[in-house]
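Chemist: Have a look at the structure that comes next, please.
The values are calculated or read from the model by the stated rules, or taken from the named source; none is laboratory data. Computed from a predicted model, the values in this text were never measured in an experiment. Using ideal geometry, Cβ is built from the backbone for each residue, glycine included, and neighbour counts are taken over all protein chains shown. SASA here: full protein model, heavy atoms, side chains in, ligands and nucleic acids out. Shrake-Rupley method; radii C 1.70, N 1.55, O 1.52, S 1.80 Å.
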Amino acid sequence: MKIALFMISMLLPALCGYALLWRQALLSRLERLVFSFTLGTGLLSFYLFGLALLNISFSAWSVAPFFVPFLIIGLLGLSKAIKTTRPSLPPWSPLSGLSLNQKIIFSFLAALTVWKILFIVFMIFSGPTTFWDAYTLWNYKAKVIYYANNAGADHTGEGIIQGEYRHYPLHLPIIRAWIATFLGEWDDAFVNLHSLLLFLCLLVLNFEFLRKETGKMTAMILTCVLSGMPILVYNVISGYADLAVGYYYLSAVIMLFYWHRTGRSGFLIYSGILSSIAMFTKNEGVAIVFPALFFTFLFHLSFRGQSWKKTMGVVGLFLISSMAILLWLRESGALSSIMTISGIKDSLVTFHPEGLMPFVNNLLVFRSHNLFWFGAALLVALNWRKAFRPEARFFLIPSVLTLGAILFVFLFTPNIAWLMNSTTINRTMLIVVPVLTLAGGYLIAPEDKSFIVAGD
Amino acid sequence: MTCNKKSLSWVLLFSMLVMSAPAFGYEWEARQGLQGWGSSNVRDVRFTGDGLTFYRQLNGFDMMLWVPQGMVTDASFTRLRLRTLAIDSYVVCTLMSQGRVVASQEAPLYGGRGWKEYVFDFTSLESDTPVDAIAFRFALCDSVEIRDLIADGPSFSEIYARQGFRAYNVNFLHPFKLYGYSLNLWFYALILISGLGVAVWYSVTRKKGAPAILGIVFLICYFAMDIREVLEELSIMKTTYEDHVSAAPEDRRFHWSDNLVEFSAFIQRHIQPGQEEVYFFGEESRYLYMRYLLYPMKLVQKKETLARVNIFSESDNARLMGNTLFMNGKVTLENGMGMLFSPRSFLYLTK
């Protein structure tokens, strides 16, 4: 029964996302599925936060209006679909077209990936929430919101977002409270299952995008590389926000890529919305993800040769689509908090060379990231010419910008403390890992790969 | 046929590496008995099916066990497998030379029915002093069942050391080691050596595909690490099952969170959450965890004053005898109602 209620709680916002995306022929079925879930839950969290700002509690009546516009959009789309037919991507099956050796390797890698999922499921269902930030922050806030029936609740009783950890964004707590509301009780396992869903979306999106762009084997190898990163697995079990930010960032970059390829403004709007969801998930979204995404967008926009007026229109469209976050930034004082934490406010920016060796140790000697960073460096060194190809460059630019921002935060600001004690640094690197993995796909793919997508 | 020979060579090499697993240093298993081992503050020692259980004297001092001088030559990498139901306890491993302390390391003990391996890694210790004995001190631990001990210098067997499910895993994971060095570094070396080989091969043959060979070597290393990680995950699942899922209610433990989950369930059976504040006496970390588990109960951390409902969690200075509450050794209240969960964790309701 609980699993059915959990599925309904996730399916309802996903259907809203699907109403927006189901006519996007460029997206494969799996892509549409994960993007629908992502957009739907993200928009829902903003809506529920908006209710809190108006001091309205969760109820069937207060939540129902959220679904109405999507119902209308879906019905309008349906009536159009009856009249016209649109091309869709050709179907595929996992092992077709592979040699025997490839089939064996593909199956082995798929088995490894499935094992990781099973391990996470076992840990989520066999134990309570355990890791520090989860029970002092993410799940705790969710529990408070659930019992108060209001996204603005705070256990200190000081009203909306005024209490402990007031500057920590609310996307995850709101969605987890939403799940508990559907279950009718707080259940750690089902609440944490949301984290597994995000992990599955990350793997599916990574695989599906790379499959379309670079082929099945490359996609499977890199999906397995991603799932084989130990720290990522523990972050999923614990329901931490870093995995979620990394995933939303990946989604936003892929949407931006589709805009870059097709010029369709719909993809740009989705990219903007997804970036705002990333910002509403963790403050790294504001400080690291959005600037990197925005610069990538501006970089590609500058090569489009459009008129000044049209360029400004496109920039405006992107900014407007990511504006939902202003609701949060205005109320929470998160920007001021970011400035203080970063040390910029107090002019504490200075280079900390003592952080270099711990940084290298964390990335290369500890097993937190497996051999990922060595592999990334090796891949770029061996295939540096391919790095200049448009597709690879598209994903390398945000990766490098994000890495640069992370290095700045941890090597030039008082946040070096979180590098020296090997804590936040490893989790923050998870933000850049998914996007970098996609860039890796283009570096592995053969030179003659055309990257033309059917239905484009 | 050539391919089969090659495969056979790889299988042989792999088998040799795996078979070289047993350590060459000091190995002890409980079934061998305590040949020459020393102990202090041990009241009783009993053989169990798999190990030896040591019981602490009632004088309150910590139990000590030591492998006497001369039996150990190198203890740079010491692995001790044990189990206990104690809470908040820890073990200190000390390396000795001629009766003097060379180095020591402390590890928190995790309660539960499953065997757990504690690894003391002194491989980075910069000392020329030859170690000749190891001592273990078990703090805040009434009994401990020990299964085996391996004390060795840097060796291949380090790779089998269990890392377990730890509170810091969400932030970082210690590397698997081989001969004192991170397994990552060994793989980097292997990849770089392969790279040199491939470069030489390419310069001679000028055949395409050199980077691909290096890529394949990298992926083999990556997935080899992943398979070692899978073994670790299996071990974590086994411990979780033994300690938490299948354990009797009074013995249930969830890794480092001790019995807090069970204690919280005990409290929820007796107290309904309401508007009144519930006072909590215990460590900050326990308070934060129970604040989450018990929400919407309004927990407030206190040290002295009492509310109507009071929770004492693994408290050092509070004891309950019947309905009498002792704090700092003195009778604090007699007319309340006490509900005992364990000797150091209980509920106390005042009138």
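Chemist: Taking the range B:146-183 as the region of interest, how many residues are part of a helix (DSSP H, G or I), under 21 Å from A:ILE120 (Cβ atoms) and either open to solvent by 30 Å² or more (accessible area, probe 1.4 Å) or out of contact with any Phe, Trp or Tyr (no Cβ under 7 Å at 6 or more places or on another chain) (or both)?
Modeler: Applying the first criterion (part of a helix (DSSP H, G or I)) to the range B:146-183 yields B:156-160, B:167-170, B:183.
Imposing the further condition that a residue be under 21 Å from A:ILE120 (Cβ atoms) reduces the set to B:167-170.
The next check asks that each one be either open to solvent by 30 Å² or more (accessible area, probe 1.4 Å) or out of contact with any Phe, Trp or Tyr (no Cβ under 7 Å at 6 or more places or on another chain) (or both); those that pass are B:167-168.
Total meeting the criteria: 2.
Chemist: While we're here: What helices (runs of 4 or more DSSP H), lying completely within the range A:245-324, carry at least 2 residues that are open to solvent by less than 30 Å² (accessible area, probe 1.4 Å) and free of Cβ contacts under 8 Å to residues at least 12 places away in the same chain?
Modeler: A:308-321
Chemist: Further, regarding this structure: Just checking, does the range B:274-295 include any residue being open to solvent by less than 10 Å² (accessible area, probe 1.4 Å), in contact with an Asp or Glu (Cβ under 8 Å, 6 or more places away or on another chain) and not basic (Lys, Arg)?
Modeler: Taking every residue of the range B:274-295 in turn, none turns out to be open to solvent by less than 10 Å² (accessible area, probe 1.4 Å), in contact with an Asp or Glu (Cβ under 8 Å, 6 or more places away or on another chain) and not basic (Lys, Arg).
For (1) in contact with a strand residue (DSSP E or B) (Cβ under 9 Å, 6 or more places away or on another chain); (2) in contact (Cβ under 8 Å) with a residue 12 or more places away in the chain; (3) open to solvent by less than 10 Å² (accessible area, probe 1.4 Å), each residue gets a yes or a no:
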| residue | (1), (2), (3) |
| --- | --- |
| A:LEU30 | no, yes, no |
| A:GLY42 | no, yes, yes |
| A:PHE46 | no, yes, no |
| A:ILE72 | no, no, no |
| A:PRO90 | no, yes, no |
| A:LEU98 | no, yes, no |
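Chemist: Looking only at the range A:379-414, which residues are away from every other protein chain (no Cβ under 14 Å) and farther than 26 Å from A:SER251 by Cβ? Please lay out each step first, then the result.
Modeler: Within the range A:379-414, the first condition is being away from every other protein chain (no Cβ under 14 Å), and the residues that meet it are A:388-409, A:411-414.
Within the range A:379-414, A:LEU411, A:PHE412, A:THR413, A:PRO414 qualify.
Chemist: Moving to a separate point now. Does A:LEU197 meet the test of being open to solvent by 10 Å² or more (accessible area, probe 1.4 Å) and farther than 25 Å from A:ALA392 by Cβ?
Modeler: Numbers: open to solvent by 10 Å² or more (accessible area, probe 1.4 Å): yes; farther than 25 Å from A:ALA392 by Cβ: yes.
The answer is yes for A:LEU197.
Chemist: Another question about this same structure. Restrict the check to the range A:361-373 and report whether at least one residue is under 24 Å from the mean Cα position of the chain (by Cα), surrounded by fewer than 20 Cβ atoms within 10 Å (Cβ to Cβ) and at pLDDT 90 or above. Show your work before the answer.
Modeler: Of the residues in the range A:361-373, the ones under 24 Å from the mean Cα position of the chain (by Cα) are A:362-363, A:367-373.
Next cut, surrounded by fewer than 20 Cβ atoms within 10 Å (Cβ to Cβ) only: A:363, A:373.
Among the residues that remain, those that are also at pLDDT 90 or above are: A:363, A:373.
Yes: one or more hits.
Chemist: To continue, here is another question. Mind checking which residues of the range B:288-347 are of a type outside the set (A, V, I, L, M, F, W, C) and part of a strand (DSSP E or B)?
Modeler: Here is the first cut: in the range B:288-347, the residues of a type outside the set (A, V, I, L, M, F, W, C) are B:289, B:291-292, B:295-296, B:298, B:301-305, B:308, B:310, B:313-317, B:319, B:322-324, B:328-330, B:332, B:334-336, B:338, B:342-345.
Passing the criteria: B:LYS298, B:GLN301, B:ASN310, B:ARG319, B:THR324, B:LYS330, B:THR332, B:GLY338, B:SER342, B:SER345.
Chemist: Which condition from (1) modelled with pLDDT under 90; (2) within 29 Å of A:PHE119 (Cβ to Cβ); (3) surrounded by fewer than 17 Cβ atoms within 10 Å (Cβ to Cβ) is the one that B:ASP128 breaks?
Modeler: Only one criterion in (1) modelled with pLDDT under 90; (2) within 29 Å of A:PHE119 (Cβ to Cβ); (3) surrounded by fewer than 17 Cβ atoms within 10 Å (Cβ to Cβ) is unmet by B:ASP128, namely (2).
Chemist: Looking at B:LEU190, B:LEU219, B:LEU183 in this structure, which one is touching a helix residue (DSSP H, G or I) at 6+ places or on another chain (Cβ under 8 Å), at pLDDT 90 or above, closer than 27 Å to B:HIS255 by Cα and of a type in the set (A, V, I, L, M)? Steps first, please.
Modeler: On the way: B:LEU190 fails: closer than 27 Å to B:HIS255 by Cα; B:LEU219 fails: closer than 27 Å to B:HIS255 by Cα.
Only one candidate passes the filter, namely B:LEU183.
Chemist: Pick from the range A:99-135 the residues that are assigned to a helix (DSSP H, G or I), hydroxyl-bearing (Ser, Thr, Tyr) and more than 7 Å from every other protein chain (Cβ to nearest Cβ): which of them is farthest from A:LEU172 (Cα to Cα)?
Modeler: Kept after step one, since they are assigned to a helix (DSSP H, G or I), are these residues of the range A:99-135: A:100-126, A:132-135.
Narrowing the set further to residues that are hydroxyl-bearing (Ser, Thr, Tyr) leaves A:107, A:113, A:126, A:135.
Filter once more, keeping what is more than 7 Å from every other protein chain (Cβ to nearest Cβ): A:107, A:113.
On the way: A:SER107: 34, A:THR113: 25 Å.
Ranking the qualifying residues of the range A:99-135, first place goes to A:SER107.
Chemist: Name the single residue that is nearest to B:GLY112 (Cα to Cα) among those in the range B:161-176 being at the interface with chain A (Cβ under 7 Å from one of its Cβ atoms) and free of Cβ contacts under 8 Å to residues at least 40 places away in the same chain.
Modeler: Taking the candidates together, the pick is B:ASN169.
Chemist: Assuming B:CYS141 fulfils every condition listed in (1) open to solvent by 20 Å² or more (accessible area, probe 1.4 Å); (2) in contact with a Leu (Cβ under 7 Å, 6 or more places away or on another chain) apart from one, which condition is it?
Modeler: Result: B:CYS141 passes all but (1).
Chemist: Just a yes or no: is a residue in the range B:97-106 under 30 Å from B:GLU250 (Cβ atoms) and either modelled with pLDDT under 90 or buried (at least 21 other Cβ atoms within 10 Å of the Cβ) (or both)? Spell out the reasoning first.
Modeler: Going residue by residue through the range B:97-106, those that are under 30 Å from B:GLU250 (Cβ atoms) are B:106.
Subset that is either modelled with pLDDT under 90 or buried (at least 21 other Cβ atoms within 10 Å of the Cβ) (or both): none.
Scanning the range B:97-106, I find no residue that is under 30 Å from B:GLU250 (Cβ atoms) and either modelled with pLDDT under 90 or buried (at least 21 other Cβ atoms within 10 Å of the Cβ) (or both), so the answer is no.
Chemist: For the range A:350-397, what are the residues that are charged (D, E, K, R) and over 17 Å from A:LEU210 (Cβ atoms)? Talk me through it step by step, then tell me what you get.
Modeler: Restricting attention to the range A:350-397, the residues satisfying the condition of being charged (D, E, K, R) are A:354, A:367, A:385-386, A:389, A:391, A:393.
Correct list: A:GLU354, A:ARG367, A:ARG385.
Chemist: Of all residues in the range A:145-174, how many are within 23 Å of A:GLY184 (Cα to Cα) and modelled with pLDDT of 90 or more?
Modeler: Residues flagged as within 23 Å of A:GLY184 (Cα to Cα) and modelled with pLDDT of 90 or more within the range A:145-174 amount to 8.
Chemist: Shifting gears a bit: Please determine whether any residue of the range A:50-63 is assigned to a helix (DSSP H, G or I) and loosely packed, with under 14 Cβ neighbours inside 10 Å. Steps first, answer last, please.
Modeler: Our first condition is that a residue be assigned to a helix (DSSP H, G or I); within the range A:50-63, this holds for A:50-53, A:60-63.
Now drop any that are not loosely packed, with under 14 Cβ neighbours inside 10 Å, which leaves A:60-61.
Yes, that holds for at least one residue.
Chemist: Could you look through the range B:242-279, keep only residues that are within 10 Å of another protein chain (Cβ to nearest Cβ) and touching a residue at least 40 places away in the same chain (Cβ under 8 Å), and pick out the one that is nearest to B:PHE312 (Cα to Cα)?
Modeler: B:LEU260
Chemist: Residues in the range B:45-95 that are closer than 25 Å to B:GLU242 by Cβ and not hydroxyl-bearing (Ser, Thr, Tyr): how many?
Modeler: To start, the set of residues in the range B:45-95 that are closer than 25 Å to B:GLU242 by Cβ comprises B:45-56, B:63, B:65, B:78-91, B:93.
Going one step further and asking which of them are not hydroxyl-bearing (Ser, Thr, Tyr), we end up with B:45-47, B:49-52, B:54, B:56, B:63, B:65, B:79-83, B:85-88, B:91, B:93.
Result for the range B:45-95: 22.
Chemist: Any residue in the range B:36-49 that is over 20 Å from the mean Cα position of the chain (by Cα) and on the phi > 0 side of the Ramachandran plot?
Modeler: Kept after step one, since they are over 20 Å from the mean Cα position of the chain (by Cα), are these residues of the range B:36-49: B:36-49.
Add one more test, that the residue is on the phi > 0 side of the Ramachandran plot, and what stays is B:36, B:41.
Yes, the range B:36-49 contains a residue that is over 20 Å from the mean Cα position of the chain (by Cα) and on the phi > 0 side of the Ramachandran plot.
Chemist: Can you confirm whether the range A:4-19 contains a residue that is part of a helix (DSSP H, G or I), more than 26 Å from A:SER79 (Cβ to Cβ) and open to solvent by 60 Å² or more (accessible area, probe 1.4 Å)? Walk me through it before giving the result.
Modeler: Here is the first cut: in the range A:4-19, the residues part of a helix (DSSP H, G or I) are A:4-19.
When the remaining residues are screened for being more than 26 Å from A:SER79 (Cβ to Cβ), the result is A:4-10.
Going one step further and asking which of them are open to solvent by 60 Å² or more (accessible area, probe 1.4 Å), we end up with A:7-8.
Yes.
Chemist: Could you say whether any residue in the range B:193-211 is within 10 Å of chain A (Cβ to nearest Cβ) and surrounded by fewer than 16 Cβ atoms within 10 Å (Cβ to Cβ)?
Modeler: no
Chemist: Out of the residues in the range A:325-360 meeting the condition of being assigned to a helix (DSSP H, G or I) and of a type in the set (Asp, Glu), tell me which one is surrounded by the most Cβ atoms within 10 Å (Cβ to Cβ).
Modeler: Of the residues in the range A:325-360, the ones assigned to a helix (DSSP H, G or I) are A:325-332, A:334-342, A:353-360.
Then keep just the ones that are of a type in the set (Asp, Glu); that gives A:331, A:354.
Numbers: A:GLU331: 17, A:GLU354: 11.
Step by step, filter the range A:325-360, then rank; the result is A:GLU331.
Chemist: How many residues, within the range B:228-240, are within 18 Å of B:THR84 (Cβ to Cβ) and either open to solvent by 30 Å² or more (accessible area, probe 1.4 Å) or among the charged types (D, E, K, R) (or both)?
Modeler: Here the count works out to 1.
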